[in-house]
Amino acid sequence: MLDTTKKNWWKQAVVYQVYPKSFADTTGSGEGDLSGITAHLDYLAQLGVDILWLSPIYASPQKDNGYDVADFCAVDPRYGTLEDFAALTAAAAERGIRVMMDMVLNHTSSEHTWFREAVSDPGSSRRKFYIWSDQADSATSVFGDPAWTWSEEAGQYYYSSFSPHQPDLEWRNPEVRQAIYGVMRFWLRQGVAGFRLDAVPFISKDLAAGKRCQGPELHTYLQEMRRALGPDVILGGEDTEADLDDVLLYTDPSRAELNWIFEFGFEDYDRRNFDKWQPVPLDVEGLKQHYAKWQTELAPRGRMALFVGNHDTPRIVSRWGDDTRWRRESATAIATAVYLLEGNVVLYQGEEIGMTNTAMPITSYDDLETLNFWRSQLAAGAEEAEVLWAVHASSRDNARTPMQWTGGPQAGFTTGTPWLPVNPNCARINVQAAEADPDSVLHYYRRLLKLRKAEPALAGGTFRAAETAGSPVFAYTRTLGDDEIQVACNLSAEQQESPFSGGTLLLGNYPEGSGPLRPYEARVIRAACAK
Ligand code: TEU
């Protein structure tokens, strides 16, 4: 349990993202709920979780599964009530676990009362809460829709970065900013420790210049937000466009903005030109160089989240590893390689048991981004089988299939019909089976996170990349004073030479660790020279 009275306690906190709709259902509705999270807090505490990040639980018509908010200060009845939320935060606190909310800053649902008022009354102050125009250009949204949508009732077009169900808020309007800060203060009064800031670079744009995010006021807004909320609120921003310099601007403590940034550079190394629908074999060399650059140039002055999954990205063991022959080994090797770096560890539900992608008929998919892609590709004449292959490989629904608790009906997620089909491999990949298998991904994750917390060199030691150029071995050292911890991870299915020898094995995903690295072997060693 971390001492949250210490100034930088949050830096060592292990964050666990829960996608409430898919985590645990206690009512038989087929959708997860808050009581389902409360019922599994001991499981999360045993994993070593310090902070729970909840994807949106606000009132929402669910066009984007809650990232379309209709009332920021109400819990959607499908998840429960504010009392259920209070019970969750209290039970979590008893286990030393804090709660972070997902703050959808950039837009509301088109069913939010603010938007309904803006549309129905041009003279309403809410009209200026959104972005309107008498004409529309050909800009498209992130999800492939036109960015401008005609509202007959309003008599104008409105702008949306993501989907017409999610009209963008006009952050240049100080009333918008104050309204959002007021919402954040409401949840702080409910006892939350902070917020994940959804799509944060989109709150500032320069549409006339064709700039749909990372506009000129972005950091001004975030510094104003920090002043409004105080220094102790944890703010983790999501910026899929951020490069190293951006993250320094966001997270340099002297700038009083954010605690960390979720940067997506790792997405480059198994996606052709960052095109999520064109997965390619993992470029380990590029990945190693990316992390080495960020660790040496960012770690001393800023902070990144260390993550390999979330509700938007396909399952990492299916992306970077081998989710059949070497599932256990590759899931644990990837976790070792990433989570022993410097930064905030942020797990995504299910990765700790090695959950994999799924391959469903297109009629089973729910995600609006996926369905937009399917329709647009077929309309453009693409082969159905090719598009379905891309959907299976890259749909966000890969990460949203229900949590696999048991090998029983519906993986123990619900007694009803799940809103999204359970992955059939739940028969063998589930928490219950993992608990019973001492060599499971789950037991390894527990040992890995415990080691990370126990070793000061892993908390704040200097990163140095080992010489493994050209090999699929991701290896580095973390040094603090006389202590040196060596991390070597073979991210391939072939045997590879290890850059390290000797020393004391602290953790490994094979029974013992010496000689060449076996397929997807991970080793964490205290160097012989260390005192
Ligand atoms: O995603 C923001 C974002 O930049 C998207 O491009 C995201 O990376 C995309 O879904 C990847 O395929 C955030 C949320 O994480 C996402 O779930 C929401 O759909 C989106 O904002 C709108 O709120």
Legend entry - Paired Rg and Dmax values of the chain, which use every Cα atom, in angstrom: 22.8, 74
Inset, instruction - State, as an integer percentage, the relative contact order of the chain based on alpha-carbon contacts under 8 Å between residues 6 or more apart. - result: 12
Inset, instruction - Convert each backbone phi in the range 314-322 into a coupling constant with the Karplus relation 6.51 cos²θ - 1.76 cosθ + 1.60 (shift: θ = phi - 60°), then list the ³J(HN,Hα) values in order as whole Hz, x for Gly and Pro. - result: x, 4, 5, 5, 7, 7, 9, x, 10
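Report the charge-dipole magnitude of the chain in Debye, nearest 20, computed about the Cα centre from +1 at each Lys and Arg Cβ and -1 at each Asp and Glu Cβ.
Details: 50 positive and 72 negative charges, 286 e Å.
The calculated dipole for the chain is roughly 1380 debye.
Express in nm, to one decimal, how much length is gained between GLU94 and ARG301 on full extension, taking 0.36 nm for each residue of separation and deducting their alpha carbon distance.
Values: separation 207, 0.36 × 207 = 74.52 nm, distance 3.36 nm.
Between GLU94 and ARG301, full extension yields an extra 71.2 nm.
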Legend entry - Rough spin-label spacing in nm, given labels placed 7 Å along Cα→Cβ, for ASP121 and GLN46: 5.5
Legend entry - Cα-projected label distance for ASP268 with ALA493, points at 7 Å along beta-carbon direction, nm: 2.8
Inset, instruction - Check the range 182-320 and count each lysine pair with an alpha-carbon distance under 24 angstrom, considering only pairs eight or more places apart or from different chains. - result: 4
Legend entry - DSSP loop GluC sites (Glu not before Pro) with at most 15 other Cβ within 10 Å excluded, longest remaining stretch of the chain: 1-151
Legend entry - Nonlocal amide H pairs with PHE143, under 5 Å, H built at 1.01 Å: none
Inset, instruction - Could you run the Karplus curve 6.51 cos²θ - 1.76 cosθ + 1.60 with θ = phi - 60° over the range 214-220 and give me ³J(HN,Hα) per residue in whole Hz, x for Gly and Pro? - result: 6, x, x, 9, 3, 6, 5
Legend entry - Mean Cβ neighbour count within 10 Å, used as a protection proxy, ranking 199-206, 360-367 highest first: 199-206, 360-367
Inset, instruction - Only Lys, Arg, Asp and Glu count, each charged at its Cβ (+1, +1, -1, -1), so figure out the dipole size of the range 1-111 about its Cα centre, rounded to 20 debye. - result: 520
Inset, instruction - Determine ³J(HN,Hα), in whole Hz, for all residues of the range 349-364 in sequence, where each value follows from phi through the Karplus function 6.51 cos²θ - 1.76 cosθ + 1.60 and θ = phi - 60°; x replaces Gly and Pro. - result: 2, x, 5, 6, 10, x, 5, 10, 4, 10, 9, 10, x, 4, 5, 8
Inset, instruction - Measure out, as a whole number of angstrom, how far apart the alpha-carbon centroids of the range 289-341 and the range 425-458 sit. - result: 16
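Relative contact order (percent) for the range 232-380, with alpha-carbon contacts under 8 angstrom and 6 or more residues of separation?
Numbers: 180 pairs, mean separation 29.0, N = 149.
Dividing the mean separation by the residue count of the range 232-380 yields 19 percent.
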Inset, instruction - Amide H neighbours of TYR510 under 5 Å, at least 5 residues apart or on other chains, H built in the peptide plane: list them. - result: ALA522
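With both partners inside the chain, how many of the DSSP beta bridges are antiparallel, as a percent to the nearest 5?
55
For the range 458-531, what's the relative contact order in percent, using C-alpha pairs closer than 8 Å and at least 6 residues apart?
Working: 167 pairs, mean separation 22.2, N = 74.
Rounded, it is 30 percent for the range 458-531.
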Legend entry - Extended-chain gain in nm, criterion 0.36 nm per residue less alpha-carbon gap, LYS211 and THR324: 36.4 nm
Legend entry - Cut-off 12 Å between beta-carbons: net charge of the residues surrounding TYR269, Lys and Arg +1, Asp and Glu -1: -1
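Using the count of nearby Cβ atoms within 10 Å as a rough guide to exposure, how do TYR43, TYR159 rank from fewest to most?
On the way: TYR43 15, TYR159 23.
Taking fewest neighbouring Cβ atoms as first place, the list is TYR43, TYR159.
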Inset, instruction - Name the long-range amide H neighbours of TRP53: under 5 Å, sequence gap of 5 or more, or other chain; modelled H, no Pro or chain starts. - result: TYR16, GLN17, VAL18, MET100
Inset, instruction - Treat each spin label as a single point 7 Å out from the Cα along the C-beta direction, and report the GLU152 to ASP134 distance in nm. - result: 2.2
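How much length, in nm to one decimal, is gained on full extension between ASP275 and LYS450, taken as 0.36 nm per residue of separation minus their Cα-Cα distance? Intermediate values should be presented prior to the final figure.
Working: separation 175, 0.36 × 175 = 63.00 nm, distance 3.58 nm.
Contour length minus the Cα-Cα distance gives 59.4 nm.
Here, each number is a calculation from the coordinates, and none is a lab measurement. The model shown is predicted, which means the values in this text are computed figures rather than measured ones. A quick note on method: Cβ atoms are made from the backbone with ideal geometry, for glycine too, and the neighbour counts reach across all protein chains shown.
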